[in-house]
Amino acid sequence: LLADSYRLMELRRTNRAVDLVKSESHLAPFAFPIAMLSIKMSPIPTQEQLSEAVRVRDGKFPEIFHVLAENRISQDSDQTWITTAKILLRRDELERCKGILKAFRESNPENITATLLLSNACQRLGSEHDLDESVMLARNAVSCAVSPEDTLRASLQLAVSLGSRARLRTRQQVERQHDRDEAIQLLSSLDLVASASGGSSTTATTATSNSSSSSNVAQGLYTLALLQAEQGGSHAAKAKATAVSAWQAAQAAKDPQLTALNLVLLSTILSAGQGHKAALSCLSQAPTSTAATAEAPRGSAEQALWSDVLVCRLRSRLQAALSDAGSALTELVLAKKLLAGWLERGPLPAGVSRGMAEEELAKVWGELAVAIAQADSAQKAEALAAIDHALALRPWTAAIRHAVGSVHEALGQYEEAAAAYDDALALDPTHAPTLLRKGALHVRHGSRPDLAVARDLLAEALRYEPRAAAGWYELGRVASALEHRAEAEEHMLMAVRLASEAPALDFSELPLAPPGISDA
């Protein structure tokens with residue numbers, strides 16, 4: 001029996017070994033020594049071993065659950081559970097990650113790292129219920145934090161969770177505004193600007209004793225600037241100043257990803273005042289990896305940057321605004337090649353899963369299809385082929401179905417466009433861009449029943465996105481067609497004001513936190 005128990009122990013079946021010995025009362029005293037010896041004989045699994053264990057093979061139960069069970073009684077089991085959760089986050093297996101972290105927190109409710117990882121997983125899942133849970137967990141982490149560094153990490157996650165919940169169109173505008181205000185107030189209370197310049201002895205200043213914390217301060221400034229930019233209006237000037245500080249902090253932290261994201265944000269803020277040339281000049285300073293050529297060999301020494309794609313997409317929008325359609329298309333093609341290269345040859349940028357890259361590639365294919373159709377309707381075949389690529393990657397998303405409708409509308413195929421918009425609204429009835437274009441098609445028909453339907457659709461779109469200039473413009477057209485002159489003038493003036501403030505790339509397109517930092 002003892003020989004059998006030792007054999008089981010060597011196979012990492014500690015519980016079975018102890019149970020086997022306990023089955024014979026006269027051998028029971030050996031149970032505890034066997035368990036303790038097993039802990040010493042079983043080293044903490046390496047990250048490579050855990051990565052291999054989480055894989056599902058031929059529908060079999062993943063080995064990771066056996067590994068976690070075997071390590072639960074170990075003094076170093078926390079590290080195994082936390083590392084496993086990080087691996088699952090990087091693989092975008094968010095539900096499995098949630099399950100493992102919830103099981104771990106049953107016996108370790110005050111472990112801040114586990115709480116923040118679970119909050120991050122819920123935030124990335126993105127449903128209203130998950131975001132509520134993410135906010136609750138982040139608040140718990142803030143209240144449990146003891147060290148200045150933990151306070152900073154928890155505050156950053158809470159701000160990101162609140163900002164993500166503020167982007168939910170299904171919530172009331174007052175609630176969204178409240179979440180954004182709370183996140184801004186939270187980050188402002190950390191005095192990150194003074195900390196980045198080395199001027200204050202605040203929580204963040206104390207935490208900047210190492211490069212990781214310096215990156216956290218830079219990330220906090222970036223998130224604060226983005227939230228201020230999303231507020232719009234009087235917050236625009238503050239957003240610009242904060243973005244400059246964030247860029248300088250990211251440079252000081254020697255973080256190329258964060259530096260590039262801050263320049264993308266700063267360029268987007270500049271474009272909101274119709275400063276497209278200034279935005280292009282600012283964007284030209286953004287660091288890019290050699291992988292941005294989409295020809296970098298597999299295993300290239302330089303890490304690919306997720307921000308490369310955003311740089312290409314924003315540059316395309318800016319060049320389109322300056323009536324340079326050819327250069328705008330070239331940038332989208334580069335973004336498409338970049339994403340396809342990562343997916344086909346690797347490696348993916350740090351913190352980016354395959355699913356994230358595929359979703360972004362579908363979005364770029366959709367933008368490319370719309371740009372081709374709008375640039376030259378004679379290139380109908382190319383535009384339709386591009387949108388087919390987008391559909392192949394993400395057929396059941398409202399954004400891609402909306403892109404299908406936009407392509408057909410640009411090609412003058414209005415019935416096909418209406419059908420695609422109906423498909424998009426069936427997938428997401430709150431998709432404001434689709435509601436706007438569907439309303440615009442009814443305005444185009446011009447009959448009084450169509451105008452009535454258009455007004456309802458446009459009002460619904462503006463309920464979700466009140467700063468959409470196109471929505472107010474179309475409402476002005478409706479009022480004008482109904483001979484409501486004063487109302488038409490009011491709506492048109494609103495459209496002009498919002499259009500002058502609209503950025504080249506919507507701020508909600510920018511991530512609230514760089515990939516790979518919030519789950520580090």
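Observations, loosely collected:
- Relative contact order computed over region 354-462 (Cα-Cα under 8 Å; 6+ residues apart), in percent: 20
- Each residue of region 152-166 is assigned a 3J(HN,Hα), and the resulting list reads 5, 4, 5, 5, 4, 5, 5, 5, 5, 5, 5, x, 5, 5, 5 Hz, derived from the Karplus form 6.51 cos²θ - 1.76 cosθ + 1.60 (θ = phi - 60°), x at Gly and Pro.
- Links that overshoot a 29 Å alpha carbon limit, given the list LYS254/LYS277; LYS102/LYS254; LYS337/LYS380; LYS238/LYS277; LYS86/LYS254; LYS337/LYS438: LYS102/LYS254; LYS337/LYS438
- Residues in region 339-351 carry Karplus couplings, in order, of 5, 4, x, 4, 6, 7, 10, x, x, 6, x, 4, x Hz; the curve used is 6.51 cos²θ - 1.76 cosθ + 1.60 with θ = phi - 60°, and Gly or Pro positions show x.
- Percent carbon-and-sulfur accessible area, region 391-480, ignoring ligands, DNA and RNA, probe 1.4 Å: 56
- Region 375-446: chymotrypsin sites (Phe, Trp or Tyr not before Pro) in DSSP coil with no more than 13 other Cβ atoms inside 10 Å: TRP396
- Fully extending the segment from LEU493 to SER327, taken as 0.36 nm per residue of separation minus the present Cα-Cα distance, adds 56.6 nm.
- Alpha-carbon centroids, region 491-512 and region 422-440: separation in whole Å: 19
- When both region 459-483 and region 346-402 are represented by their alpha-carbon centers, they are found 28 Å apart.
- Inter-site label distance for GLN173 and ASP422 at 7 Å from Cα along Cβ, in nm: 3.1
The values are calculated or read from the model by the stated rules, or taken from the named source; none is laboratory data. Note that the coordinates shown come from a computational prediction; the quantities given were computed from them, not determined experimentally. Neighbour counts are summed over all protein chains in view; Cβ atoms, including those assigned to glycine, are modelled from backbone coordinates with ideal geometry. Side chains included, ligands, DNA and RNA excluded: accessible areas come from the protein's heavy atoms. Shrake-Rupley method; radii C 1.70, N 1.55, O 1.52, S 1.80 Å.
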